[in-house]
Amino acid sequence: MNPPAAALGDQLVAKWTSPQGARLRAAGAKIVDGLLELGPLTHERAGRMLGWPPHEVLPRFEAMDFRLETDPDGNIIGAGVSLNADRPHSMELRGRTVRGWCALDALMFPVVLDESVSRITSRCATTGEPVHATVTPSGVRDVHPATAAVTLAPATGADIREVFCDRVNFYASEALATDASLQDTDLAVCSTAEAWTVAKRLADLF
């Protein structure tokens, strides 16, 4: 893996192993489980799952730079795993197709949840061309186009969707990903297999 991508991988691990990161992982995992089992969560239901007052659920996540995704009725529909069908990154989890906030989510959550096979679909952030792959506990295969690449971004400084998720995307080729990195110099470019390696490091923390 190239040094910039490796450095961002190390930064991600450091973020999620910090005291705040550990708290966020524990709370976020409960929300993800709830979304997959129950669907959209009211604040009351999320509060019971977390042992928090309902009115504190969103603010507590926001205080950790992790703004939960909500639907027009205010129900929680996303915490890395998303029930928002408009998001471009899809994956198969627990027998259903759901979305992720970013390319790394689609590579990570199937490993977190020990899916033997999870077909993921996204699209090139530049051309809109479909990108497909199969995620397994031991790696990623059947990547199409085979040239697909991923951009990684720093995950600190503000809400994670703003600083990280919205910038971590699939591209149909390394050249297209590199072009994106020239416009956003914080980005690093890696292959889909290298991105899975970063995702696996994070998945192993859960």
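A few remarks follow.
- Residue among Arg60, Arg48 that alone is part of a helix (DSSP H, G or I), open to solvent by 60 Å² or more (accessible area, probe 1.4 Å) and without any contact (Cβ under 8 Å) to a residue 12 or more places away in the chain: Arg48
- Exclusive hit being farther than 21 Å from Cys165 by Cα and not acidic (Asp, Glu), set Gly47, Gly28, Gly21: Gly47
- For the stretch 16-42, a residue qualifies if it is over 24 Å from Val98 (Cα atoms) and either among the polar types (S, T, N, Q) or touching a Pro at 6+ places or on another chain (Cβ under 9 Å) (or both), and the qualifying residues are Thr17, Ser18, Gln20.
- Leu35 vs. criteria in contact (Cβ under 8 Å) with a residue 60 or more places away in the chain, touching a strand residue (DSSP E or B) at 6+ places or on another chain (Cβ under 9 Å) and either open to solvent by 60 Å² or more (accessible area, probe 1.4 Å) or in a helix (DSSP H, G or I) (or both): yes
- The stretch 122-160, residues that are open to solvent by 50 Å² or more (accessible area, probe 1.4 Å) and of a type in the set (Ser, Thr, Tyr): Thr126, Thr127, Ser138, Thr147, Thr156
- Flag if Thr17 is surrounded by fewer than 16 Cβ atoms within 10 Å (Cβ to Cβ) and touching a Leu at 6+ places or on another chain (Cβ under 9 Å): yes
The values are calculated or read from the model by the stated rules, or taken from the named source; none is laboratory data. Every value quoted in this text rests on a predicted model; they were computed, and no experiment measured them. Backbone-built Cβ (ideal geometry, glycine too); neighbour counts: all protein chains shown. Protein only, heavy atoms only, side chains kept; ligands, DNA and RNA dropped before computing areas. Shrake-Rupley method; radii C 1.70, N 1.55, O 1.52, S 1.80 Å.
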